[in-house]
Amino acid sequence: MRPTDAQIKAYYEEHKDLFVKDPGEVQIAHIAVKLPANPTDEQKKAASDKIVKLYKEAQKTKDFAAFAKANSEDAKSAAKGGDLGYFHPGQLPPVVDRLVFATPVGHTTQIVESNMGFSFIKVTARRGETLAPLSEVRAKIAMILLDYNEEAVVKALLKKLSKPAKVEFKTMPGQPKSDQNVSDHPT
């Protein structure tokens with residue numbers, strides 16, 4: 001069953017994140033817990049426990065900037081409410097880059113560990129993001145929807161056929177029952 005223009009447009013509107021042509025820039029803020037040089041296991045555990053506690057509290061706070069000022073150990077950014085500024089893709093370490101560009105505005109990433117310590121990042125704004133126009137991705141969406149439609153039709157047909165059917169498994173002529181599950185490949 002061919003997808004309609006309305007179905008294609010609805011899919012595009014509901015899945016715009018799949019059609020980002022240029023992610024633009026992302027503004028981020030973070031809260032950090034630093035580690036000393038050559039930290040002991042106890043120091044790592046204490047820092048890890050502290051960042052987990054801060055992460056949980058940050059999820060509840062209405063004012064991330066004030067929370068960062070009071071709690072982040074990155075003195076330079078803490079004074080600015082954790083603000084690190086705007087970044088283009090590729091300007092941050094790869095792990096951080098993937099996380100922040102995949103995180104919606106107003107949300108925080110998971111906790112990130114580095115040789116400097118632990119941190120988590122809040123995406124505070126985006127700008128310059130461009131999407132591929134619907135006309136450019138219409139055929140791709142139609143193929144996706146066609147696959148969904150075909151899968152639904154096949155499932156419905158199989159369900160309809162399976163109700164009155166009786167399925168039996170028999171051995172092939174000339175094959176003993178004990179050899180049914182034996183591989184043809186030597187071991």
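The values are calculated or read from the model by the stated rules, or taken from the named source; none is laboratory data. Keep in mind it's a predicted model, so treat the numbers as computed, not measured. Glycine gets a Cβ as well: all are built from the backbone with ideal geometry, and neighbour counts include every protein chain shown. Note: areas computed on protein heavy atoms with side chains; ligands, DNA, RNA excluded. Shrake-Rupley method; radii C 1.70, N 1.55, O 1.52, S 1.80 Å.
Highest GNM mean-square fluctuation among 33, 153, 105, for the chain modelled with Cα contacts below 10 Å: 153.
With respect to the chain, whose longest principal axis is taken over its alpha-carbon atoms, helix 5-14 is tilted by about 40°.
Find the accessible area per residue for the chain; the probe is 1.4 Å, ligands and nucleic acids are left out, and the unit is Å².
Details: 13300 Å² over 187 residues.
I get 71 Å² per residue for the chain.
Computed from the C-beta positions of residue 102 and residue 162, the FRET efficiency with R₀ = 45 Å rounds to 0.65.
Of the heavy-atom accessible surface of the chain (probe 1.4 angstrom), what whole percent is carbon and sulfur?
Working: 7470 of 13300 Å².
Answer for the chain: carbon and sulfur cover 56 percent of the accessible area.
State which entries of 34/62; 45/80; 56/140 exceed 29 angstrom in Cα-Cα distance in the structure shown. Don't skip to the end; give the middle numbers.
Working: 34/62 24 Å; 45/80 27 Å; 56/140 40 Å.
Distance filter (> 29 Å) returns 56/140.
Quick check on the range 1-141: take the gyration tensor over C-alpha atoms, sort the square-rooted eigenvalues as a ≥ b ≥ c, and tell me if it's rounded (a/c under 1.5), prolate or oblate. Could you put the intermediate results ahead of the total?
Details: a/c = 2.64, a/b = 2.52, b/c = 1.05.
Prolate is the answer for the range 1-141, as a/c is 1.5 or above and a/b outweighs b/c.
For the range 33-187, the relative contact order is 17 percent, taking Cα pairs closer than 8 Å that sit 6 or more residues apart in sequence and dividing their mean separation by the residue count.
For the cross-link pairs 16/50; 21/53; 44/122; 50/76, which exceed 27 Å when the distance is taken from alpha carbon to alpha carbon?
Working: 16/50 37 Å; 21/53 37 Å; 44/122 23 Å; 50/76 20 Å.
Flagged as over cut-off: 16/50; 21/53.
For the chain, adding -39500 (n - 2.57) for each run of n ≥ 4 DSSP H residues and dividing by the number of residues yields -13500 deg cm²/dmol at 222 nm.
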